[in-house]
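Notes for the one structure printed next.
The values are calculated or read from the model by the stated rules, or taken from the named source; none is laboratory data. Keep in mind the model is a prediction, meaning the values are calculated, not measured. Quick reminder, even Gly has a Cβ in these numbers, built from the backbone with ideal geometry, and neighbours come from all protein chains shown.
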Amino acid sequence: MQGDREFMLNFFQELDYKIHEKYNDIQISATILGGCFFVLHSLRENSPDIDLLINDSSSYRIISEIGIPLAKEKGITLDLMYGNTLEKINLPDNYMRYVKPLKRERNKRKHLKLWTLSPYHILISKISRYSDKDKNDIKLIMNSGKFLIRRKELERAVKNFKANEIKSIFEKNYNDFLQKYEKKLVLSWWEKLGLHKPIPELKDS
């Protein structure tokens with residue numbers, strides 16, 4: 001099954017209700033990424049799965065216990081990731097500082113607090129893999145006009161992440177990304193004056 005935006009919002013609302021039903025006034029949180037990120041930002045019409053990143057064991061246990069059976073009942077896949085590890089990268093330990101609350105729906109759920117992963121970290125995960133699908137996802141983010149991607153912030157994010165990929169491969173992918181989208185990156189005043197610093201060198205993990 002392919003879930004659209006309305007389906008996913010209804011799923012989260014029902015998950016919130018079921019969490020309250022079993023655990024009363026507990027509050028847990030999760031961060032949205034993957035195809036769900038693109039659907040909820042209206043960059044794609046639908047996705048076959050819902051991807052959530054959860055950074056504490058209690059929330060992970062509860063969402064696994066309640067969310068996975070609910071997703072199966074609804075005919076969609078719920079993929080849960082724990083901590084800060086994605087398929088190809090380890091997010092910086094402080095990645096939660098850059099997440100954003102899910103807009104407009106933030107006050108509808110009292111027990112399940114949802115955040116969306118920073119578009120910078122989404123971009124880095126896509127650049128790390130850089131498949132044809134990832135390249136298309138990058139294009140959706142960069143051409144949508146929904147995100148203000150600052151060159152300085154992107155470089156900071158690149159510098160802080162840990163690649164589970166060969167360093168030279170990521171650098172090649174990143175340089176290709178810059179060639180295609182550098183004009184769309186927002187520059188600071190000192191960068192506009194030609195004082196732009198070089199791309200930071202990635203350290204081997």
Six or more apart or on different chains, Cβ atoms under 8 Å: show the pairs whose first residue is in region 81-105 and under 19 Å from PHE147 (Cβ atoms) and whose second is in a loop (DSSP other than H, G, I, E, B) and modelled with pLDDT of 85 or more. TYR95/LEU117; TYR95/SER118; MET96/ASN55; TYR98/SER118; VAL99/LEU117; VAL99/SER118; LYS100/SER118
Within region 168-179, tally of residues that are in contact with a helix residue (DSSP H, G or I) (Cβ under 8 Å, 6 or more places away or on another chain), modelled with pLDDT of 90 or more and not polar (S, T, N, Q): 2
Taking region 64-90 and the residues there that are part of a loop (DSSP other than H, G, I, E, B), under 15 Å from the mean Cα position of the chain (by Cα) and over 18 Å from PHE38 (Cβ atoms), the one that is modelled with the highest pLDDT would be GLY83
Can you name the residue in region 133-160 that is closer than 17 Å to ILE89 by Cα and not charged (D, E, K, R) and, of all such residues, is surrounded by the fewest Cβ atoms within 10 Å (Cβ to Cβ)? ASN160
If you go through region 29-50 one residue at a time, do you hit one that is in a helix (DSSP H, G or I), under 11 Å from the mean Cα position of the chain (by Cα), on the phi > 0 side of the Ramachandran plot and not assigned by TED's automatic domain parsing to the domain that holds PHE170? yes
Got a number for residues in region 133-155 being under 15 Å from the mean Cα position of the chain (by Cα) and within 14 Å of TYR174 (Cβ to Cβ)? 5
Can you report the number of residues in region 110-124 which are of a type in the set (Lys, Arg) and either over 14 Å from LEU52 (Cα atoms) or under 8 Å from the mean Cα position of the chain (by Cα) (or both)? 1
Of all residues being modelled with pLDDT of 90 or more and in a loop (DSSP other than H, G, I, E, B) in region 92-118, which is surrounded by the most Cβ atoms within 10 Å (Cβ to Cβ)? Just the residue, please. LEU117
Picked from region 180-205 (must be of a type in the set (Lys, Arg) and either assigned to a loop (DSSP other than H, G, I, E, B) or surrounded by 11 or more Cβ atoms within 10 Å (Cβ to Cβ) (or both)), the residue modelled with the lowest pLDDT is LYS203
Can ILE89 be described as β-branched (Val, Ile, Thr), out of contact with any Leu (no Cβ under 7 Å at 6 or more places or on another chain), buried (at least 16 other Cβ atoms within 10 Å of the Cβ) and over 24 Å from LYS18 (Cα atoms)? yes
